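Report on the following structure.
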Amino acid sequence: MSSWPHAPARWLMLPGLYIVTTGTFQKAPHLGTAERRDYFMQSLFDVAAGFAWELHAWAVLHNHYHYVACSTENSGPPKRMLGKLHMSTAKELNRLDGTPGRKVWFQYWDTQIIENRAYLARLNYVHHNPVKHGLVANAADYRWCSAAWFAENATPAFRATVESFKSDQVNVPDEF
């Protein structure tokens, strides 16, 4: 990549760790049922695996989702994975609602995470997003996020480290 000063930042960011947020068009609750969140979460897992993205944290809510993931040389940019995810899930959600062609997804925001402290804070932020939105008192009780998985799979020391990071100052689009 050249050092052209006006090049879009996304051109320079692969591979690496990212945090991604996507909202539904007009904040519509397209993922408003347990079945739809189950479907979308499985789609996220499947598409991420197909593009060689390793999910580290996720939270799927009724009108938006967040994830933290690591890409590899073979992953391609987040835009390519999200294009596949959004196209396939929009088609299915529209089929379920009998609304072919309806716009489901609004846009996405991605940020490459380049500092260890930023990574830890964003993991904590995504794990606790359902609590932030008042859906549960304990994030591990929300089955469409990674908090319970993280509690079961992370070492106690790493879990304590992540949970020690404040996430209220994390700059993530989340006005849903």
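Brief remarks follow.
- At 1.567 mPa s and 4 °C, Stokes D of the stretch 12-83 from Kirkwood alpha-carbon radius, µm² per second: 103
- Cα gyration tensor, the chain - rounded (a/c under 1.5), prolate or oblate: oblate
- Alpha-carbon centroids, the stretch 158-176 and the stretch 71-107: separation in whole Å: 26
- Here the stretch 29-176 is assigned +1 on the Cβ of each Lys and Arg and -1 on the Cβ of each Asp and Glu. Its dipole about the Cα centre then comes out at about 340 debye.
- Taking a ≥ b ≥ c as the square roots of the eigenvalues of the Cα gyration tensor, the stretch 123-176 is oblate, since a/c reaches 1.5 or more and a/b is not larger than b/c.
- A dipole drawn for the chain from +1 and -1 charges on Cβ atoms has a positive end, and of Ala48, Gln26, Thr72 the residue lying farthest that way is Gln26.
- Mean ellipticity per residue at 222 nm, deg cm²/dmol - from DSSP H runs of n ≥ 4 across the chain, formula -39500 (n - 2.57): -12000 deg cm²/dmol
- For the stretch 13-163, averaging the sequence separation of C-alpha pairs within contact (under 8 Å, six or more residues apart) and dividing by the residue count gives a relative contact order of 30 percent.
- Neighbour-count ranking [beta-carbon atoms within 10 angstrom, fewest first] of Ser43, Ser75: Ser43, Ser75
Coordinate-derived values only; no laboratory data. Source: prediction; values computed, not measured. Here Cβ is always computed from backbone atoms with ideal geometry, including for glycine, and neighbour counts include all displayed protein chains.
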